[in-house]
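K.L.:
Here it is, the structure in full.
The values are calculated or read from the model by the stated rules, or taken from the named source; none is laboratory data. Note that this is a predicted model, so its numbers are computed, not measured. Methodologically, a virtual Cβ is constructed for each residue, glycine included, from the backbone with ideal geometry; neighbour enumeration extends over all protein chains shown.
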Amino acid sequence: MLPGLTSKVSEVLVSLTNTLTAKADVIIVNSTATTTVLATLVPPFGGFGGCQFLINRSGADITTVTTGNILTARTIPVNVPVVLIFSQNLNKYVVGSTT
C-alpha cells in the first residue's frame with residue numbers, strides 16, 4: 001500500500017443460510033439460528049476469481065460442505081476470520097485454514 005492511502009472493504013451482517021449471496025468483501029455471520037451449514041456462496045465477481053472474508057460471530061461453529069460450490073469441508077470456529085478464494089477454473093471456493 002502506498003503511504004497516505006487507505007484500503008477500504010465493505011462489510012455485511014447476515015444470518016447463515018445454506019446459500020449466501022456475497023454482497024460485500026467481509027461477511028459477518030451473526031446468527032446460525034436457521035442452520036450451521038454453508039454449502040454455497042454465490043460469488044459477486046461476475047465470472048472471475050476473487051476473495052471473500054467470512055467472520056463467524058454467531059456463537060456456534062459453522063461447517064462448510066461440498067454439496068455446493070465449496071471445495072472442502074471445514075469447521076469455522078467462532079471469532080475466527082476465514083479467507084474464501086473463488087477459483088474460476090475450479091468454479092469453487094477454496095476455504096483457507098481455520099486454525
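K.L.:
Is there a residue being of a type in the set (S, T, N, Q), on the phi > 0 side of the Ramachandran plot and without any contact (Cβ under 8 Å) to a residue 60 or more places away in the chain anywhere in the range 15-25? Before you say what the answer is, go through the steps one by one.
P.N.:
Going through the range 15-25, the residues of a type in the set (S, T, N, Q) turn out to be 15, 17-19, 21.
Applying the additional criterion that residues be on the phi > 0 side of the Ramachandran plot yields none.
No, the range 15-25 contains no residue that is of a type in the set (S, T, N, Q), on the phi > 0 side of the Ramachandran plot and without any contact (Cβ under 8 Å) to a residue 60 or more places away in the chain.
K.L.:
Can you pull out the residues in the range 10-47 that are out of contact with any strand residue (DSSP E or B) (no Cβ under 8 Å at 6 or more places or on another chain) and modelled with pLDDT under 90?
P.N.:
Matches in the range 10-47: GLY46, GLY47.
K.L.:
Still on this model: Give the range 35-54 a look and list any residue that's surrounded by 16 or more Cβ atoms within 10 Å (Cβ to Cβ) and in contact (Cβ under 8 Å) with a residue 40 or more places away in the chain, or say none.
P.N.:
Correct list: LEU41, PRO43, GLN52, PHE53.
K.L.:
Is it true that some residue in the range 23-34 is charged (D, E, K, R) and surrounded by 14 or more Cβ atoms within 10 Å (Cβ to Cβ)? Talk me through it step by step, then tell me what you get.
P.N.:
Step one: of the range 23-34, the residues charged (D, E, K, R) are 23, 25.
If we keep only those that are surrounded by 14 or more Cβ atoms within 10 Å (Cβ to Cβ) as well, we get 25.
Yes - at least one qualifying residue is present in the range 23-34.
K.L.:
Looking at the range 13-45 only, could you name the residues that are more than 21 Å from SER87 (Cα to Cα) and among the hydroxyl-bearing types (Ser, Thr, Tyr)?
P.N.:
SER15, THR17, SER31, THR32, THR34, THR35, THR36
K.L.:
On to the next question. Quick check on the range 6-24: of everything there that is touching a Pro at 6+ places or on another chain (Cβ under 9 Å) and of a type outside the set (Gly, Ala, Ser), which residue is nearest to ILE62 (Cα to Cα)? Break it down stepwise before answering.
P.N.:
The initial filter retains those residues of the range 6-24 that are touching a Pro at 6+ places or on another chain (Cβ under 9 Å), namely 21-24.
Filter again for of a type outside the set (Gly, Ala, Ser), leaving 21, 23.
Details: THR21: 16, LYS23: 19 Å.
The extreme case among them is THR21.
K.L.:
While we're looking at this one, here's another question. State whether one or more residues within the range 59-80 are surrounded by 16 or more Cβ atoms within 10 Å (Cβ to Cβ), over 18 Å from SER97 (Cα atoms) and modelled with pLDDT under 95.
P.N.:
no
K.L.:
How do the pairs read when you match residues in the range 55-77 that are at positive phi and in contact (Cβ under 8 Å) with a residue 24 or more places away in the chain with residues anywhere that are of a type in the set (Ser, Thr, Tyr) and in a loop (DSSP other than H, G, I, E, B), using Cβ under 9 Å and keeping only pairs 6 or more apart or on different chains?
P.N.:
Hits for this filter: GLY59/THR32.
K.L.:
For the range 1-22, give me each residue that is among the small types (Gly, Ala, Ser) and surrounded by 12 or more Cβ atoms within 10 Å (Cβ to Cβ). Explain how you work it out, then say what you get.
P.N.:
The first filter runs over the range 1-22 and keeps only residues among the small types (Gly, Ala, Ser), leaving 4, 7, 10, 15, 22.
Once the filter is applied, which keeps residues that are among the small types (Gly, Ala, Ser) and surrounded by 12 or more Cβ atoms within 10 Å (Cβ to Cβ), the range 1-22 yields SER15, ALA22.
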